[in-house]
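Let me begin by presenting the structure, written as structure tokens, before commenting on it.
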Amino acid sequence: MPTATPNAKTAPTSSARRPDPRTHAWRDDLADAALEGVVDAPRFAVPVRHRLTAPQAPIRKAPDADAVAVSELLSGEAFDVLDVSGGVAWGYSVHDHYVGYVDAALLADAGETPTHRIAAPTALIFARPDIKSTVLGALPMGALIGAAEHDEKFAAAAGGYVHRRHIAAIDDHAADPAAVAELFLGTPYKWGGRTRGGIDCSGLVQIALGACGIDCPRDSDMQAALGREVEDRRYRRGDLVFFPGHVGFMHDETRLLHANAFFMSTVIEPLDDVVGRLLPQYDEPVTAVRRL
């Protein structure tokens, strides 16, 4: 785990522009060295790379244990640490640059680069290369591991054995984001979640696109810059449909696949039903449609 504040240097005050604090690490007392000359801060720190050792961990908006979880870090994902205080690390998730606080005890030095990713919604870790052996734990889709071939069914990974049907090489990607998202049907809605145990709308989009090798930011307003605009509103499977503070995949020409707080679940339902629920609040519930 990180045990000390990374090297920091004092910098003179400069005229500050305020970038998005969700993806640019700066506080009143400290900022990422990459932001020197962009924001005002008394100190700038060079980030130190770590990786998560737990199956998943919340990325919180504040250091308190009960602070809102704004995202989730998955096992093996890299987290660049800028500061450690009171057992809590402040920094950002490397893959999407999302800023927040993570339990420092769950982080370790970056070590070797992972070779594989979890490709199933959940992958069990067995004590032996045998499906009847003790289950040591589980990892969520998108978790990163170092795996070594054992036999035609199992790979040695994560302190045990993972079935090879549940993993894929880092550069081996799925083809259909909507098909990946379908694997999460019935998953409980969880603000900030990115796993089969609980997921939010933009987390579902990020995980599904990531499984297909498509870089994707964390929040729905950021995701609205992906792909190209579909101006004629002739929907196709896989189109991203955006609403105020919400996003989902078109499952086909008329139905939306999305994680939502109305059903508190990931569901497929008619797009017209979603629009109808929002019409009392918004004149134009659909704010954008993007095609990748």
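Worth pointing out:
- A residue that is touching a residue at least 12 places away in the same chain (Cβ under 8 Å), closer than 18 Å to Asp215 by Cβ and either assigned by TED's automatic domain parsing to the domain that holds Pro55 or assigned to a loop (DSSP other than H, G, I, E, B) (or both) occurs somewhere in the range 122-142.
- Taking the listed residues Asp96, Asp29, Asp80, Asp64, the one that is acidic (Asp, Glu), over 20 Å from the mean Cα position of the chain (by Cα) and either within 30 Å of Gly137 (Cα to Cα) or at pLDDT below 95 (or both) is Asp64, with no other qualifying.
Condition check ((1) more than 21 Å from Pro114 (Cα to Cα); (2) in contact with a Pro (Cβ under 7 Å, 6 or more places away or on another chain); (3) not aliphatic (A, V, I, L, M)) across all residues:
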site	(1), (2), (3)
Thr134	yes, no, yes
Ala147	no, no, no
His166	no, no, yes
His173	no, no, yes
Glu182	yes, no, yes
Tyr189	yes, no, yes
Gly198	yes, yes, yes
Cys212	no, yes, yes
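- Checklist (1) over 19 Å from the mean Cα position of the chain (by Cα); (2) closer than 28 Å to His24 by Cα applied to Leu271, failing item: (2)
- Met141 meets each of the listed conditions (1) of a type outside the set (S, T, N, Q); (2) closer than 16 Å to Ala119 by Cα; (3) touching a Phe, Trp or Tyr at 6+ places or on another chain (Cβ under 6 Å) apart from (3).
- Flag for Glu149 being among the acidic types (Asp, Glu), more than 16 Å from Ser75 (Cβ to Cβ) and at pLDDT below 95: yes
- Flag for Ala211 being within 30 Å of Leu124 (Cβ to Cβ), outside the structural domain of Val70 (by TED's automatic domain parsing), of a type in the set (A, V, I, L, M, F, W, C) and over 18 Å from the mean Cα position of the chain (by Cα): no
- Which listed residue, of Glu152, Glu182, is under 30 Å from Pro244 (Cβ atoms) and acidic (Asp, Glu): Glu182
- Within the range 248-292, considering residues that are in a strand (DSSP E or B) and free of Cβ contacts under 8 Å to residues at least 60 places away in the same chain, the one farthest from Thr195 (Cα to Cα): Pro270
The values are calculated or read from the model by the stated rules, or taken from the named source; none is laboratory data. The model shown is predicted, which means the values in this text are computed figures rather than measured ones. With ideal geometry, Cβ positions are generated from the backbone for all residues, glycine too; neighbour counts draw on all protein chains shown.
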